[in-house]
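Data block below; observations after.
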Amino acid sequence: MLDFRRMRFSRQILILQIGVVVLLLVIGFLLVGWLLWSTLRDQYGERALGIARSVAVDPVVVADVAAKEPAGDLQERVRAVTQRTGALFVVITDDRGIRLAHPDPAQIGKEVSTPADEALAGRDVVSAVQEGTLGLSVRSKTPVRDGERVVGEVSVGYQIGAPVGELVRLLLISLAFAAGALALGVGASALLTRRLNRLTHGLEPRELTELLYEREAVLHGIGEGMLAVDARGRVSARNDEAERLLGKPLPVGAPVSELDLSPRLGKAVAERQPVDNLLAVAGNRVLVVNSRAVRRDDRDLGTVLTLRDRTDLDALTRELDAVRSLSDGLRAQRHEFSNRLHTLSGLLQLGHNGEAIEYLQTLTETSIASPEALGDSVTDPYLQAILAGKIEQAQEKGVTVRLSDDSWARTAVTDPIAVNTVVGNLIDNAVHAARMGPRRPATVEVALLAEGRTLHVSVVDSGAGVAPEVRERLFDEGVTTKIAPGHGLGLALARQAARARGGDVWLADAGGADAGAMFVAALPDLLEGEA
């Protein structure tokens, strides 16, 4: 026995569609048959009524009926009308329903077999299907009037086979059309079922439901952000983590070009090339991006990006770098001071007192940078540490970093990580520009100025300035003038860190042939207050 519930869903759909088509065709066929029969019956009834009326107004017929005497002329007239119109019968009666004329002479003088009350009452009877002495027929009746008085009635009928035969002919034509419609419907249903199978890859509804549940579990169960983009560049899937990491809603169906993603993310989506561990900035976060193009059965399904947050790790790394820079600087200073002390001790032991005094004066004028050597214009230990470390690193590269004479920031900072990110990256960028520039000596001047709780920073280098072609994109991630790979995040991170606090970093002077570039930063709510 066929179990409908165990059939494949596509086959169930096919059977149901065919059943619906057949049911509609049967109902339509029956409705058409009923309408055709009603129409044909009315047509034959109207034809019979028209004949009856023409006979009822014939003066000879009226006179004979009024006289109630059957005459040969009346019978002949009835026979002639019957032959001329193809009717089954034409019957004339008096006002009591007694036949005065009939196709069968034996019936003359007898009462009619069907009721004639309505016609004798002066009303027409149309399209009545009745069975009389000549069989079942469609008949109409009309009164015969002599002036205002009804003196009889005329009944005209057509054999029921006439409209039935016409009905059968029309139904056969309709049946042919119905068969064609059925074949077309079955074919369309089969094609639709085939397309359904192709679109669902032959999967059943329960399998599709399980896939949906699995998809939701995978999307929202992983700790990484996931963003899927179709071949047309529109968001096809994403999870909550991706929206959190990117800091913006990612509506399904939205074009990626309209989402204002970072340049590196936009480039990864546009180029659709495999990407591994690409660093990108989103808001105040540093993300690690991996991208893969997806294809199935030679069909382009788009691109899938995974996003990992390394902001905390990157912040700790920058803080560790600052501490390490300070440690390296202090270690170098200790080694240098040890050498100088040994030299001074030797001069004194050998009795060269004058040379020792001159050596001490030289040491005082050219002291190695240290937090104490920065003077009293900067007192925060974090600012001192980052400046001292960067000064020592720059000296190793042949670049002199100095604090400007008009610097004044004698307050403690509230966010050391933001200081390390902004100040450190600006100095690193300036050191590189000064080192690669044509001017010697290579120098970088840093100015720090406290205004209320806002720290203003300016960094000027002696490099060749910023090229015009990169000025507009200077703070985009990946834009760099360095040859080695892996650069292009410093300025972007500095600006993102400043803007996260309501501040900003910008290029105040692009520099050129006469001077290097000047970068300026404003960091509000970074200081505790005036000292």
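The values are calculated or read from the model by the stated rules, or taken from the named source; none is laboratory data. Just so it is clear, the structure is predicted and the values come from calculations on it, not from any experiment. All Cβ positions, even for glycine, are placed from backbone atoms using ideal geometry, and neighbour counts span all protein chains on display. Ligands, DNA and RNA are stripped out before the accessible areas are found, and what is left, the full protein with its side chains, is counted by its heavy atoms. Shrake-Rupley method; radii C 1.70, N 1.55, O 1.52, S 1.80 Å.
Under a 5 Å amide H cut-off, with hydrogens placed 1.01 Å from N, ALA508 pairs with MET518, PHE519, VAL520 among residues at least 5 apart or on other chains. Among 104-117, 414-427, 385-398, 440-453, sorting by the average number of other beta carbon atoms lying within 10 angstrom of each residue, highest first, gives 414-427, 385-398, 440-453, 104-117.
Rolling a 1.4 Å probe over the protein heavy atoms leaves THR454 with an accessible area of roughly 30 Å².
For TRP506, TRP34, give the ranking by accessible area with the largest first, probe 1.4 Å. Don't skip to the end; give the middle numbers.
On the way: TRP506 100, TRP34 160 Å².
Solvent-accessible surface, decreasing: TRP34, TRP506.
Provide the packing ranking of 165-178, 36-49, i.e. peptides ordered by the mean count of other C-beta atoms within 10 Å per residue, highest first. Provide the component values of the computation, followed by the final result.
On the way: 165-178: 13.5, 36-49: 18.2.
Packing proxy ranking, top to bottom: 36-49, 165-178.
Computed 3J(HN,Hα) for segment 415-423, one whole-Hz value per residue from the Karplus formula 6.51 cos²θ - 1.76 cosθ + 1.60 where θ = phi - 60°, is 9, x, 5, 5, 4, 4, 5, 6, 5, glycine and proline marked x. Note that segment 29-45 has calculated 3J(HN,Hα) couplings of 5, 5, 5, 5, x, 5, 5, 5, 5, 4, 5, 5, 4, 5, 4, 5, x Hz, one per residue in order, obtained from phi through the Karplus relation 6.51 cos²θ - 1.76 cosθ + 1.60 (θ = phi - 60°); glycine and proline are x.
A simple spin-label model places pseudo-atoms 7 Å from Cα toward Cβ; at LEU211 and ILE357 they are separated by 9.4 nm.
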